[in-house]
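Since the structure comes first, as structure tokens, the remarks are kept for the end.
The values are calculated or read from the model by the stated rules, or taken from the named source; none is laboratory data. A quick note: this is a predicted structure, and the numbers were derived from the prediction, not measured. No Cβ is skipped: glycine too gets one built from the backbone with ideal geometry, and neighbour counts run over all protein chains shown. Accessible surface is based on the protein model in full, side chains and every heavy atom, while ligands, DNA and RNA are left aside. Shrake-Rupley method; radii C 1.70, N 1.55, O 1.52, S 1.80 Å.
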Amino acid sequence: MGKNMALRTVCIVLFLLCASTLAAQEGTMSFSVGIVPLDARLDTLTEMVENVAKRYGSQIFLDEDEKTLLLDQWEKEAQAQRNSELGKVYASHDQEKLQQVLDAEQPAPPLEFDSLPVTYHLAQFDQDLANALEASDDALAWFCSKNTYDALLLLASEELAGFQRIRIQYYHPKLTEKKTLSDTLVQNSYFQPLEEPLEKAIFALASKGNLGIVTLNDIPPGLAVSIDGKPTELLDTTLILPPGPHILGLNAPGYQPVEMEIVSKADVIQPFQFSFEEVTFPSLVVHSETAKVNWFLDGKPLTEQLSISLSDPTYPMVLTLSGEGFAQRVVHLDSPPYQELTVTLNAKELAYPSLRDDAQKDFYKRLRNTILWFGTYIGCTVLSQMYATDNPLWQVGLVGTSSLALVSSIAMAADFLSYESMADAGI
């Protein structure tokens with residue numbers, strides 16, 4: 001009975017190894033491209049091709065043959081992973097775990113897709129490999145399979161009548177022949193003239209008529225972009241758009257917003273240059289209600305005046321007022337005020353609790369002295385009516401004490417007014 005069970009298990013495993021097309025794990029597919037130099041002198045060109053490809057070929061649209069090839073490759077990789085998983089479980093002689101793997105639900109194949117993200121990989125130059133890849137398409141197919149590349153960018157060079165002939169070709173296993181993206185003569189390994197035509201060729205190859213590119217020139221810093229009313233990320237100075245008309249909105253700090261209709265053309269890179277007008281605001285007048293002070297604009301000193309006038313203000317701004325005997329005041333303006341601005345400063349000494357406490361102590365001393373002078377005056381009045389009423393010294397005493405009491409009362413009233421202003425200022 002045990003032998004029959006083992007034989008049945010082996011048969012099930014063999015059947016799955018041969019016939020199953022189950023997917024291993026669901027995930028996002030990508031399109032992998034190898035960049036292969038076929039000449040040792042092409043390091044600079046290889047770097048340039050990689051940068052251009054990542055910028056203008058980051059997404060590739062697929063035709064039916066490419067979709068079929070990718071699905072076949074995905075199923076083969078899924079089959080290999082499934083076989084590996086079954087082999088490990090079978091080697092562990094764990095019947096229960098094997099049954100769990102066999103009963104596991106089959107994940108669905110990838111959903112329908114029209115485009116894929118592209119990853120690029122630089123291959124190191126190898127002379128023997130270069131000779132083999134140039135000699136045979138079978139070698140190209142083998143190289144793609146070995147490195148799991150979906151396609152190749154081949155960079156070749158040859159001497160021709162004092163010039164260097166540069167050929168950049170695209171190889172895909174489903175193509176009957178390699179597609180030439182660039183075939184140009186250069187001198188002294190000067191590859192810069194190849195960049196612009198290569199950008200257009202790679203973009204057309206990847207887009208296949210599904211996208212167009214708009215490049216923005218001379219843009220101000222902090223530019224925000226919207227397409228058809230939706231905020232859009234600006235990669236460098238490039239916008240990748242579906243073909244057709246679009247409403248482009250541009251907004252930068254300190255400049256008037258720009259909105260216009262543009263037309264994106266399939267497989268075309270269109271440069272646009274816009275004129276940005278700086279935002280102008282009316283003159284700003286700011287008064288110091290307290291005293292003549294020193295003015296600072298965004299940390300830079302201006303002048304010492306009771307008021308200032310700024311003829312060409314920019315926002316946001318930070319105004320700082322600083323005067324002797326007053327606490328510093330900082331005013332933040334994010335937009336123009338509706339009218340002239342008036343700023344009040346607080347006395348510096350009132351901002352310190354210890355000095356405020358000293359002022360209160362002086363007030364209570366003055367209150368005590370006032371009470372004493374009034375008491376002395378009342379005492380002199382009573383005594384002048386009781387003892388030596390005809391003595392002229394009483395008159396001197398009455399006038400002196402009443403005068404001192406009156407002066408002390410006036411000073412105390414002034415202190416009351418000072419404390420009232422402190423209360424109004426929140427001190």
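Here Lys365 is the anchor, and the lysines within straight C-alpha reach of less than 29 Å, apart from those fewer than 8 places off in the same chain, are Lys348. For Thr215 and Thr176, what does the FRET efficiency come to when R0 = 35 Å and r is the distance between their Cβ atoms, rounded to the nearest 0.05? Rounded to the nearest 0.05, the efficiency is 0.55.
Sorted largest first by accessible area at a 1.4 angstrom probe radius, with every protein chain in place, the residues Phe276, Phe374 fall in the order Phe374, Phe276.
Overall, the accessible surface of the range 220-285 at a probe of 1.4 angstrom is composed of carbon and sulfur to the extent of 55 percent.
Taking 13 Å as the cut-off, the amide N atoms of the range 392-411 that come nearer than this to a point 7 Å along the Cα-to-beta-carbon line of Thr381 belong to 398-399, 401-403, 405-406. Only the Cβ atoms of Lys and Arg (+1) and of Asp and Glu (-1) were treated as charged; on that basis the dipole of the range 175-283 about its Cα centre amounts to roughly 380 debye.
Modelled spin labels at Gln59 and Ser115, positioned 7 Å past Cα toward Cβ, are 0.3 nm from each other.
Once the chain from Gln127 to Asn147 is taken as fully extended at 0.36 nm per residue, the excess over their C-alpha distance is 5.4 nm.
For the range 128-214, what does the accessible surface come to per residue with a 1.4 Å probe? Please give it in Å².
Solvent-accessible surface per residue comes out at 50 Å².
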